[in-house]
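Heads up: the structure comes next, in structure tokens.
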Amino acid sequence: MGWSRIVAGLCVLLALASGAPSSTRSSRRRLMSPASGPEDLLPPREAGKAALKCLECELVVVLLQGEIAAGVSYDALVQESVRVCVNQVGMTETFCQGYVPQVAPILYYIFTHNNVSAADFCGMVLSYWGCTSNSPDREWTVSIHGEKPPVAPVELPEPDAPRLKVLHLSDTHMDPLYSPGSNAVCPEELCCREESGIPASEEAEAWYWGDYRHCGSPPWMLEDMLAHARAAHPDLDYVLWTGDVVPHNMWSTSREWNLRLVRETNALVQKWFPDVPVFPVVGNHEMSPLDQYPSPGAVPEALSADWLYEELAAQWSELLPAFDNSTVLHAAFYSVLVKPGFRVLAFNSLFGYTPNVWLVQDSQDPAGVLAWLEEELWEAEGAGELVHLLGHVPPGILAAERTWSREYNKIVVRYENVIRGQFFGHTHFDEFEVFHDGERPVGVAYVAPSQTPWYDLNPAYRVYHVDGDRPGTTRLVLDHETYVLNLTAAQASGEAHWERLYSARDAYGMAALTPADWQDLAERMAADRGLFDVYYKHFVSAGDPYMALGCDDLCYQQRLCDVVSSDRNDLDHCLKLLRSMQEGRQQTPGDFEKFS
């Protein structure tokens, strides 16, 4: 096997881990695969495929290292890699011509500057498939200050107590090149552009307000959404914005393109909320190449993320005047005191995201993000402050780096008295993750639905009602509402109608939204398939394709595991919930064996 085939194979493996186009990708597969729950729950056939991918990856790495040692010309081999990517691997020429040259320099640098084994490399990059590394370099801990104090009782406010109203935006993925009537069924990861080719039929034409197929967000749809949010909620106290502004043209990103999207989306949000604080977070799509955030100062300037951090520091200073952006310049994280006794900590979760291949070079708390987070929480505890945490990638998903996920959970458990809310995006689904200290629920992460319909989803946004300014405030989320734009109806009428889809407390019959209440909801959904079906509708933002597809038993079990799995390494709460579901439905042991 030539070096060219090896590079192409590695690039494609990395691309698939990051979400590149694949002939096997579909909404059904997306539902059948675990997101937050463990890959151990894959059916045997899928688990076998996963093990084979790990072996193939290791073989490719061994051969690659041999060819590098032989001194083969880099430029010539990258060119050949593009041809192999098209002709042998079967990816599109557009994808291969664009993406392979983007990631090849990173792979080459890592393999020429680090003594990494094949099993270690594949165990990191293909963690989503269940590949694992036994390298001692992957085992590390974050120092924790002091002992956890006794858990303070939480007294919820009276119904008429003051509240804060908070808008949550995430995964806007605005595409300035979106073109109504263009081809929505192109072979690339992103369609609905003039470059997507001529539609073969009227059914293949891109819709005006957005499309359920693999398309970005039309700028006018996002502006209409922001206008609706401003008009419907004129009393917003602040906005959370959990990342991903660049669309899914991963093969054609560049520093210039990505910075354009950062600036234009920032300007759009600021236009509609000029007088409301906006707390932004960096997403995996802001970087070019996609996902690839190296440790600050550890790589040459040509491969660093400094260009992005500098622009984020400038742009975020407009959204949040008078905040210290020095840590943004370091690695896109920051701390802001919102009100006396109430702080927001926004961190860069891409240093715990395994498609970031730079983790192969340094996975031990890159940029010191978790150490910084723990220190800030320690100081907040001493100052009597309550804290909300903001990130892009939720800590329990399969693509979360295992040690990073474990250490983040340790921090959440230690500072249970301080952390009163966690907010993420990335998955595009409307979901949540419960954190546990042993059997006891101690925290919840709210994972917001996306504004982009990519793919098969309705555009959506969320509003939180947070315990407000009063003596003894908890700063807990007391309820949240989600608003959606039904794309089928918008296409039929030619008009955008944003409607409230649900209130969490009303839809799920929740007395409150404490971690115990969310755990209780998970257990009730395990016992009541009808209640879960209500959750599933909200999970997919009532997207018509997903509603038509439905959620079969495997999908049902995966989604249940997702909501109780915040630690990438912990199966216990997932398996316990599935066993309770099995007992409630009086299944035979054989029905459950394939999931355990």
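The values are calculated or read from the model by the stated rules, or taken from the named source; none is laboratory data. Fair warning: this is a prediction, and the values are worked out from it, not measured in the lab. As a convention, Cβ positions derive from the backbone with ideal geometry for all residues, glycine included, and neighbour counts pool all protein chains shown. Ligands, DNA and RNA are excluded from the accessible area calculation, which covers all protein heavy atoms including side chains. Shrake-Rupley method; radii C 1.70, N 1.55, O 1.52, S 1.80 Å.
Structure values in brief
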read-out: Entries in K53/K537; K410/K576; K410/K537; K148/K339 that, when Cα-Cα distance is taken, lie over 30 Å; value: K53/K537; K410/K537
read-out: Cα gyration tensor, the chain - rounded (a/c under 1.5), prolate or oblate; value: rounded
read-out: Ellipsoid semi-axes in whole angstrom, largest first, where each is sqrt(5λ) of the Cα gyration tensor of the stretch 428-542; value: 28, 18, 12
read-out: Mean separation of Cα contacts under 8 Å (6+ apart) over length of the stretch 76-161, as relative contact order %; value: 14
read-out: Radius 10 Å from Cβ of S565, net charge of other residues (Lys, Arg +1; Asp, Glu -1); value: -4
read-out: Per residue, in Å², the accessible surface of the stretch 142-215 once ligands and nucleic acids are set aside, probe 1.4 Å; value: 49
read-out: Kyte-Doolittle at least 0.5, axis length at least 27 Å by Cα - qualifying DSSP helices, the chain; value: 44-69
read-out: Furthest towards positive pole of dipole, A460, A399, P321, structure part the chain, Cβ charges; value: A399
read-out: Accessible-area ranking of R505, R462, largest first, probe 1.4 Å; value: R505, R462
read-out: Accessible area of the chain belonging to carbon and sulfur atoms, whole % at 1.4 Å probe; value: 52
read-out: Highest to lowest packing among 238-249, 413-424, scored as the average C-beta count within 10 Å; value: 238-249, 413-424
read-out: Alpha-carbon centroids, the stretch 456-492 and the stretch 132-156: separation in whole Å; value: 30
read-out: At 1.002 mPa s and 20 °C, Stokes diffusion of the stretch 450-497 via Kirkwood alpha-carbon radius, µm² per second; value: 166
read-out: Anisotropy class of the stretch 371-448 from Cα gyration tensor, a/c 1.5 cut; value: prolate
read-out: Sum of -39500 (n - 2.57) over DSSP H runs of 4+, divided by residues of the chain (222 nm, nearest 500); value: -12500 deg cm²/dmol
read-out: Size of charge dipole - the chain - debye, nearest 20, with Cβ of Lys, Arg +1 and Asp, Glu -1, no other charges; value: 680
read-out: Equivalent ellipsoid semi-axes - Cα gyration tensor, the stretch 153-254, angstrom; value: 37, 15, 11
read-out: Rel. contact order, % - alpha carbon contacts under 8 angstrom, at least six apart, the chain; value: 17
read-out: Dipole of the chain, positive direction: furthest Cα of L126, N87, Y212, with charges on the beta-carbon; value: N87
read-out: Beta bridge orientation in the chain: antiparallel %, DSSP, nearest 5; value: 60
read-out: Rounded accessible area per residue of the stretch 476-570, 1.4 Å, Å²; value: 34
read-out: Extent along principal axes [Cα atoms of the stretch 71-111; Å; largest to smallest]; value: 27, 17, 13
read-out: DSSP-defined beta bridges in the stretch 420-478 - what % are antiparallel, rounded to 5; value: 75
read-out: The stretch 466-596 - Rg over Rh from alpha carbon coordinates, Kirkwood radius; value: 1.04
read-out: 20 °C / 1.002 mPa s Stokes-Einstein diffusion coefficient of the stretch 218-282, Kirkwood radius on C-alpha pairs, µm²/s; value: 166
